[in-house]
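Asker: Input: one structure, supplied below.
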Amino acid sequence: MRPKPLGQTQKPLAQKQKPFGLSLSKPSSRATVPPGEVRLIGGQWKRTKLPVPTAEGLRPTPDRVRETLFNWLGQDLSGWRVLDAFAGTGALGFEAASRGAAASTLLEQDSRLVAGLLTVQQRLGAAAVTVLRADALAWMSRAPRAAFELVLLDPPFDSSLAAPALALAAPLVADRGFVYLEAAAADAAPACPAGLELFRELKAGAVMARLFRRTP
């Protein structure tokens, strides 16, 4: 299936949203102990539970942040090629596949988390999802250019991987494609790489989420 032009997949938001500096009220904090499970919030696997094991730096994207992200992107990702570079629980990558992504590649280095991702993939019969055990930075450094409509970056919390991951992700997205970056709000914002522009931004508790778009 050939991907639809990105402009055709986005739908109007139910509420008017600010382009920059959006702050969510009553935010979920990434500084707290992670929940035992998270739920997919849209698409064919809506309400499916994903386990959240205890692992260093693992903090799933809060539900309200994920909901906002997919409002920004549009609810229907039919035909999109998606890379979830620091998959963890798989909440972002499986959410994209649930909403119609043609291919969702999940990268994870922790063998225990990889096993959990494969279990979820098999349970859902998620043929569009590929789970790979890989170092995200090394894998992205070798990946073909313009191979994805969406790259999702949620590196281990309080790590120093946000800036190098964003730089490596920039050339991997096709024209008008997106790069999503989630990191600790207290960290300095990484410089926007050449070829990307800031499209949306929000702060939710300890989390700063930014959505960049590839300029034509």
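The values are calculated or read from the model by the stated rules, or taken from the named source; none is laboratory data. Here the structure is a predicted model, which means the values were calculated and not measured. Methodologically, a virtual Cβ is constructed for each residue, glycine included, from the backbone with ideal geometry; neighbour enumeration extends over all protein chains shown. What goes into the accessible areas is simple: the full protein's heavy atoms, side chains included, and nothing from ligands, DNA or RNA. Shrake-Rupley method; radii C 1.70, N 1.55, O 1.52, S 1.80 Å.
Asker: Leu168: of a type in the set (A, V, I, L, M, F, W, C), open to solvent by 20 Å² or more (accessible area, probe 1.4 Å) and over 22 Å from Leu73 (Cα atoms), yes or no? Write out each step before concluding.
Answerer: Values: of a type in the set (A, V, I, L, M, F, W, C): yes; open to solvent by 20 Å² or more (accessible area, probe 1.4 Å): yes; over 22 Å from Leu73 (Cα atoms): no.
Taking the combined requirement at face value, the residue does not satisfy it.
Asker: Select, from Ala186, Ala146, Ala162, the only residue that is open to solvent by 40 Å² or more (accessible area, probe 1.4 Å) and modelled with pLDDT under 95. If you could, list the steps in order and put the result at the bottom.
Answerer: Working: Ala146 fails: modelled with pLDDT under 95; Ala162 fails: open to solvent by 40 Å² or more (accessible area, probe 1.4 Å).
Testing whether each residue is open to solvent by 40 Å² or more (accessible area, probe 1.4 Å) and modelled with pLDDT under 95 leaves just Ala186.
Asker: Also: Residues to consider are Val131, Val114, Val120; find the one that is open to solvent by less than 40 Å² (accessible area, probe 1.4 Å), part of a helix (DSSP H, G or I) and either in contact with a helix residue (DSSP H, G or I) (Cβ under 6 Å, 6 or more places away or on another chain) or over 28 Å from Ala163 (Cβ atoms) (or both). It would help to see each step written out before you state the result.
Answerer: Numbers: Val131 fails: part of a helix (DSSP H, G or I); Val114 fails: either in contact with a helix residue (DSSP H, G or I) (Cβ under 6 Å, 6 or more places away or on another chain) or over 28 Å from Ala163 (Cβ atoms) (or both).
Matching residue, one of Val131, Val114, Val120: Val120.
Asker: If you check Ala102 against the conditions, is it open to solvent by 30 Å² or more (accessible area, probe 1.4 Å) and not hydroxyl-bearing (Ser, Thr, Tyr)? I'd like the intermediate steps shown before the answer.
Answerer: Working: open to solvent by 30 Å² or more (accessible area, probe 1.4 Å): yes; not hydroxyl-bearing (Ser, Thr, Tyr): yes.
So Ala102 fits the description; yes.
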